[in-house]
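Enquirer: Below is one structure. I have some questions about it.
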Protein chains: 2
Amino acid sequence: MPRERMVRQVRVGVIGAGQLARMMIPAAIELGVELRVLAEAEGMSAGLAADRVGDYTDIDQVLPFAREVDVVTFDHEHVPQDVLRALVDAGVAVHPGPDALRYAQDKLLMRERLSELGLPVPEWARVSTPGELDAFIGAHDGAAVVKTPRGGYDGKGVRVVRSAAEVAEWFSAIAEDGRDGALLVEELVDFRRELAQLVARRPSGEVAAWPLVETLQVGGVCSEVIAPAPHSAGRLSDVAADVAISIAEGLGVTGVLAVELFETTDDRILVNELAMRPHNSGHWSMDGSTTGQFEQHLRAVLDLPLGGTGTHADWSVMVNLLGGPAEGTLDDRYRGALASHPTVKVHNYGKSPRPGRKVGHVTAVGDDLDEAVYEARAAAAGLQE
Amino acid sequence: MPRERMVRQVRVGVIGAGQLARMMIPAAIELGVELRVLAEAEGMSAGLAADRVGDYTDIDQVLPFAREVDVVTFDHEHVPQDVLRALVDAGVAVHPGPDALRYAQDKLLMRERLSELGLPVPEWARVSTPGELDAFIGAHDGAAVVKTPRGGYDGKGVRVVRSAAEVAEWFSAIAEDGRDGALLVEELVDFRRELAQLVARRPSGEVAAWPLVETLQVGGVCSEVIAPAPHSAGRLSDVAADVAISIAEGLGVTGVLAVELFETTDDRILVNELAMRPHNSGHWSMDGSTTGQFEQHLRAVLDLPLGGTGTHADWSVMVNLLGGPAEGTLDDRYRGALASHPTVKVHNYGKSPRPGRKVGHVTAVGDDLDEAVYEARAAAAGLQE
């Protein structure tokens, strides 16, 4: 069989084959990087780059994959600490590393560490009993947000309560857990809006920040992102970038770091959640910035110089495609939606439509905010109707 | 083995696995299109999407590949007419189709057809004997350009001559060929510069044009593209777009069509060559336009509505990486080049460096032409030194 002599390309191994891994593929192709994905199953969103199917909680399945790549990174933050540490012990380059990732995996650890670093966070406490929780609620105007430290995402494992009785089963679960179980409780922040600050950091220290963005959530799931956040020029943007860079440096994060923020009604910025990977709030950058977050993540984990984070136009608006059309697929809706919105960029994750599922997103870029918002929302509606 | 339920994606089959097929992969991923490549060999530039290795001149190898996709398109124009027609006869959707492609495959046919359509071409003739060629040369100030009608690209099969004796072996070859052999001879055009006009056309008729660009060739190979062509606003751009759209419609081209043009010293626009596929002169659009040529080609061959062809900034400058570094690979040069040029976009085709070989390109986008030219050239130099 004929064989062309190819360059041995740098190899990045990605654990997890969801849409974040999928969207790393175009960036890898352009950079000339070979992307190899350890997939949870056949036929997933990043299936094109799947090298094998394996269980990411089993070091015996992860290590053979990891040994064949130059650096390991992630589509999600669920790889257990013991697996991560065994990789590092075996000499594998892992970015972000286990020391950083534990702060994205455990919200109590994250809150403790950010408080130690003097970064702005909501008032919070570790509570191990209903009594402790009710005491916190009593001291905070009768309401609080309770979070399971591990395993939550997209609003799961987060509940607003007025009494510890509302999370009785969570206390039962942590009691049965046997570990030093506790829940995280936080003040119910009176916020004006939610923001997100994305940065990237290389192992050798360079950091780069994109503009601060505004995020809109529906039912705890991101539905829309406006970049930059309206009315954020100057002090607000500077503070947000400083906070995110301090977190990246303080926690030793490598790759892309997303810092979800509250802008409070009394004009404070408080850190809500962290994600140590490309993040929904950064999807706009693929179409609206000189360097998209997936390219930047690859550059960062390979310790390559970071790309510019300027924007193509004054505004980028990203709208998630949640659930997809009630019948058929996104593709079936292309003719109408693309014809009506020729400047909107469509990103189709190739996933089966299912209520609430992120099956794609669209981005509109332009110098008129109202126009970009209209175009992105209308295209998203057209693709899902 | 676990299996995620995926959507059955629309499938585009690409014949040929060079860098043009490679650069279709990112566009396919974003659009949610499954790209399947029929590769000439293992390990080629578009290897990630290779479905199989096969001989594109053998219908028995092409047809089984073609039957499994929704539309067949191309990385190059070398698939023989009999293979193309057999595909169409078997009910395969082929874009561009054989009737259009023959004009890209045979320069004599192309000249005849463009002349019939009244489009501006250099003075030309079909010559079968050295005597006919010398007569043409004598009537055109003692010089002419001789071209083999088939198989030429990147300056191959093209020669400037002052006497038929200089292409004696070409006449011998066409005599032995046995077919109705002839060479194409054209006036040696006194041109100010070379331009290229890219358009895309869907089977259902919609056309879209990018801005007219200026191309610089070195040794017959494209080395640099400036988009839009300086001093081309107004009439020049309008004429070029009209010519390219007339060709797309007149020849029934589907997908991307590149029309290489001469701007003569007496201010005429003459059609030089045609390419019926994404083209080097359109690479800038991946980074500089709302819709890159690879996405537009996929939309067009799938008969989907075409995307906007506006630009992100006033200027885009693309510089080819020809040959690569004398030692090592492009990747080895990343640290220095990316650090010095954070806003330049690098496209690495994953090919082994070899003198004169196109191994990648870089694009700089911005509102200052001099700055964009400097950035693109300096980054390209840094990647190849």
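Derivation of every value follows stated rules applied to the coordinates shown; laboratory data play no part. No experiment lies behind these values; they were computed from the predicted model shown. Heads up, the Cβs are rebuilt from the backbone with ideal geometry, glycines too, and the neighbour counts pull from every protein chain shown.
Enquirer: Karplus couplings for the stretch A:13-21 from phi (6.51 cos²θ - 1.76 cosθ + 1.60, θ = phi - 60°), rounded to Hz, Gly and Pro as x?
Expert: Computed from phi, the couplings for the stretch A:13-21 are x, 10, 8, x, 10, x, 5, 5, 5 Hz.
Enquirer: Could you sort B:360-369, B:165-174 so that the peptide with the highest average Cβ count within 10 Å comes first and the rest follow in order? Spell out each step's value before the answer.
Expert: Numbers: B:360-369: 21.8, B:165-174: 14.6.
Per-residue Cβ counts within 10 Å, averaged per peptide and sorted highest first, yield B:360-369, B:165-174.
Enquirer: Follow-up question, since we're still on this one. What net charge is computed for the residues neighbouring A:I29, neighbours being all others with C-beta under 11 Å from the C-beta of A:I29, Lys and Arg scored +1, Asp and Glu -1? Numbers along the way, then the final one.
Expert: Numbers: positive: B:R22; negative: A:E30, A:E34, A:E295.
Around A:I29, the surrounding residues sum to -2.
Enquirer: Next question. Determine the relative contact order of chain B: mean sequence separation of Cα pairs under 8 Å and six or more apart, normalised by residue count, in whole percent.
Expert: Details: 815 pairs, mean separation 49.5, N = 385.
The normalised contact order for chain B reaches 13 percent.
Enquirer: What net charge do the residues around A:P211 carry, taking every other residue with its C-beta under 13 Å from that of A:P211, with Lys and Arg at +1 and Asp and Glu at -1?
Expert: On the way: positive: none; negative: A:E214, A:D238, A:D314.
Taking every other residue near A:P211 into account, the sum is -3.
Enquirer: More than 20 angstrom separation, counting every C-alpha pair in the stretch A:1-154; what % is that? Let's see the in-between values first.
Expert: On the way: 7007 of 11781 pairs.
So the pairs more than 20 Å apart make up 59 percent of the total in the stretch A:1-154.
Enquirer: Run the label-point distances for A:D266 please: 7 Å along Cα to Cβ, every other copy, nanometres, shortest first.
Expert: 8.2
Enquirer: Further question on the same structure: When the helix-only estimate is applied to chain A (DSSP H runs of n ≥ 4, each -39,500 (n - 2.57), divided by the residue count), what is the mean residue ellipticity at 222 nm, nearest 500 deg cm²/dmol?
Expert: Working: 12 runs with 121 residues, N = 385.
So the helix-based figure for chain A works out to -9500 deg cm²/dmol.
Enquirer: Step through the residues of the stretch B:212-220 one at a time and calculate ³J(HN,Hα) from phi using the Karplus curve (6.51 cos²θ - 1.76 cosθ + 1.60, θ = phi - 60°), rounding each to whole Hz and writing x for Gly and Pro.
Expert: Each residue's phi maps through the Karplus curve to give 4, 10, 9, 10, 10, 10, 10, x, x Hz.
Enquirer: Here's a follow-up. Kindly provide log₁₀ I(q)/I(0) values, in the same order as q = 0.07, 0.12, 0.13 Å⁻¹, from the Debye equation applied to equal alpha-carbon scatterers of chain B.
Expert: -0.32, -0.98, -1.15
Enquirer: Count the net charge of all other residues whose Cβ sits under 13 Å from the Cβ of A:D314, scoring Lys and Arg as +1 and Asp and Glu as -1. Before the final figure, lay out each step's value.
Expert: Details: positive: none; negative: A:D367, A:D368, A:D370, A:E371.
Local charge sum for A:D314: -4.
Enquirer: Further, regarding this structure: Explain nothing, just the number: dipole magnitude of the protein assembly as shown about its Cα centre with +1 on each Lys and Arg Cβ and -1 on each Asp and Glu Cβ, in debye rounded to the nearest 20.
Expert: 1220 debye
Enquirer: Between copies, how far apart are the A:R162 label points? List them in nm, one decimal, shortest first, with each point 7 Å from Cα toward Cβ, please?
Expert: For A:R162, the other copies' label points sit at 9.9 nm, shortest first.
Enquirer: With point charges of +1 on the Cβ of Lys and Arg and -1 on the Cβ of Asp and Glu, referenced to the Cα centre of chain B, which listed residue (B:G118, B:A86, B:S285) lies farthest in the positive direction of the dipole?
Expert: Going by the charge dipole, the pick is B:A86.
Enquirer: Run through all the Cα pairs of the stretch A:43-120 and give the fraction in each 5 Å bin from 0, expressed as whole percent.
Expert: 3, 14, 23, 22, 15, 11, 6, 5, 1
Enquirer: Now a separate question. If the label for A:E123 sits 7 angstrom from Cα along the Cα-to-Cβ line, what are its distances to the same label in every other copy, in nm to one decimal, shortest first?
Expert: So the label point of A:E123 gives 9.2 nm to the other copies.
Enquirer: Name the residue farthest towards the positive end of the dipole of the stretch A:123-187 from the options A:A135, A:G157, A:A182, assuming +1 on Cβ of Lys and Arg, -1 on Cβ of Asp and Glu, about the Cα centre.
Expert: Result: A:G157.
Enquirer: While we're here: Over all distinct Cα pairs, what is the inverse of the mean 1/r for the stretch A:88-216, reported as the Kirkwood hydrodynamic radius in Å? Working shown, then result.
Expert: Numbers: mean 1/r = 0.0598 Å⁻¹.
That comes to 16.7 Å for the stretch A:88-216.
Enquirer: Please quote Rg/Rh for the protein assembly as shown to two decimal places, taking the Kirkwood radius as Rh and restricting both calculations to Cα atoms.
Expert: Working: Rg = 28.6 Å, Rh = 28.0 Å.
Dividing the radius of gyration by the Kirkwood radius yields 1.02.
Enquirer: Please compute, for peptide B:347-355, the average count of beta-carbon atoms on other protein chains lying within 10 Å of each residue's beta-carbon. Spell out each step's value before the answer.
Expert: Values: counts 4, 7, 5, 10, 5, 5, 1, 1, 0.
Per residue, the average neighbour count from other chains is 4.
Enquirer: Need one number: convex hull volume per residue for the stretch A:191-384, Cα atoms only, in Å³. Show your work: numbers first, answer last.
Expert: On the way: hull volume 21.8 nm³, N = 194.
Spelled out: Cα convex hull of the stretch A:191-384, divided by residues, is 112 Å³.
Enquirer: Next question, about the same structure. Any of B:K107/B:K358; A:K147/A:K358; A:K107/A:K358; A:K107/A:K345 with alpha carbons more than 29 Å apart? Name them for me. Display every interim value, and only then the final one.
Expert: Numbers: B:K107/B:K358 24 Å; A:K147/A:K358 23 Å; A:K107/A:K358 24 Å; A:K107/A:K345 35 Å.
Pairs exceeding 29 Å: A:K107/A:K345.
Enquirer: Translational diffusion coefficient of the stretch A:173-269 at 10 °C, 1.306 mPa s, Stokes-Einstein with Kirkwood Rh over Cα pairs, in µm²/s as a whole number. Mind dumping the intermediate values first?
Expert: Working: Rh = 15.1 Å.
Translational D for this selection: 105 µm²/s.
Enquirer: Bin by bin, in steps of 10 Å, what percent of the Cα pairs in the stretch A:123-187 do you find, going until the bin that has the longest distance?
Expert: Per 10 Å bin, starting at zero, the Cα-Cα P(r) for the stretch A:123-187 comes out as 24, 59, 17, 0 percent.
Enquirer: Using the Cα centre as the reference, give the magnitude of the dipole from point charges on the C-beta atoms of the stretch B:64-197 (Lys, Arg: +1; Asp, Glu: -1; all else neutral), rounded to the nearest 20 debye. Show your work: numbers first, answer last.
Expert: Values: 15 positive and 24 negative charges, 28 e Å.
Approximately 140 debye in magnitude.
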